[in-house]
Structure formats: C-alpha cells, structure tokens
Amino acid sequence: MSIDTPIRITLEQDGDYAFRVHFHDTGLEPLLTDESPPLGQDRGPNPTRMLLAAVANCLVASLLFALRKQRNSPGPLRAEVTAAAQRNAEGRWRIPTASVTLHLPGHNADYQALDRVLAQFEDFCVVTQSVRQGIDVDVTVLDGEGRVLMGDKSFEAGS
C-alpha cells in the first residue's frame, strides 16, 4: 500500500448475503464473506468480524513494528479481540466497544525500551485510530446503466 495510491476493493455477490471481496493491486485471492444465520450461511467472516480482526491485526502489527524499531526480536505475538453487539437508541445493532488483548512472549524484562514502545505503538495503528476517530463514508447508489440513484458520484464506475 502506497500513500499515493487509493485503496480499491470490490465486492461481488456470491449467493444470499455472501460476497467475494477482491483486493485490487494485490496478488490476493478473493475472500468470501457471509452473514451468520438466519440471513447467511456462515461461509466466511461477516463484516463485523472483519472489522474487529482489522482492529486487532493493526494493533498487533503496530506493536511488532515498535518492538523491532527498539531492536527487540520478540517471538510470535498473539492478539485476541472481543466485542458484543448492542442496539443503539434507534434499535440498530452497533459495536460500541471492543477489547483487544495483545500477548507478548516472555517477560517485560526481555524487551528494550518497552515503556516507550507501549506509550506510542497505538498511535501508529491506521485502522484502530481511524475507527476511534470515526470515518466519513460517502455512499453512492448506481443503477444497471450507471445512473446515480443516491449520493454524489464523484468517480468513474469501474475505475
């Protein structure tokens, strides 16, 4: 991912609430996502699980980067994330909080500059900090002929 290149992802329906997620400009195979029953068939992670995995993944990767920057060579790190969906005032399901636990192998004395690492690694986590601050999402709906049904289409369809 380059700072100058927009991130582009395409989703194509693959039955009921299942979608194939294509990560453009990568060599990755499409990822199947699906909702849990009764809507979907649990053939892949649902969007909530993907979001939570992204938060935990970003945090553990940021921690690893910060540790290595201080010349540490930790063994395999592990991250766990838990959250519970709750209804908001309008009765819509939301994830109001998530708890992430990061597991370092060994003991704190095994690491150089651990206080400094722990004080700053979260600031470098793009996903977690973006979620914490909120992300503005512009939505456009097009019909089969590319006509704008909703929103302000400021890009070329398919570009």
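Here are some notes:
- Criterion applied to Val131, Val137, Val100 was being within 21 Å of Ala53 (Cβ to Cβ), modelled with pLDDT of 95 or more and not aromatic (Phe, Trp, Tyr), and the one residue passing it is Val100.
- Considering segment 1-51, and only residues there that are of a type in the set (S, T, N, Q) and loosely packed, with under 12 Cβ neighbours inside 10 Å, the residue that is modelled with the lowest pLDDT turns out to be Ser2.
- Residues considered: Pro45, Pro37. Of these, the only one that is assigned to a loop (DSSP other than H, G, I, E, B), within 16 Å of the chain's Cα centre (by Cα) and either assigned by TED's automatic domain parsing to the domain that holds Arg78 or not hydroxyl-bearing (Ser, Thr, Tyr) (or both) is Pro45.
- Residues of segment 52-88 satisfying the condition of being crowded, with 17+ Cβ neighbours inside 10 Å, touching a strand residue (DSSP E or B) at 6+ places or on another chain (Cβ under 9 Å) and over 21 Å from Ser130 (Cα atoms): none
- Residue in segment 60-69 that is touching an Asp or Glu at 6+ places or on another chain (Cβ under 7 Å) and either aliphatic (A, V, I, L, M) or not assigned by TED's automatic domain parsing to the domain that holds Thr128 (or both) present: no
The values are calculated or read from the model by the stated rules, or taken from the named source; none is laboratory data. Please read all numbers here as calculations on a predicted model, not as lab measurements. Glycine also receives a Cβ, built like all others from the backbone with ideal geometry; neighbour counts cover every protein chain displayed.
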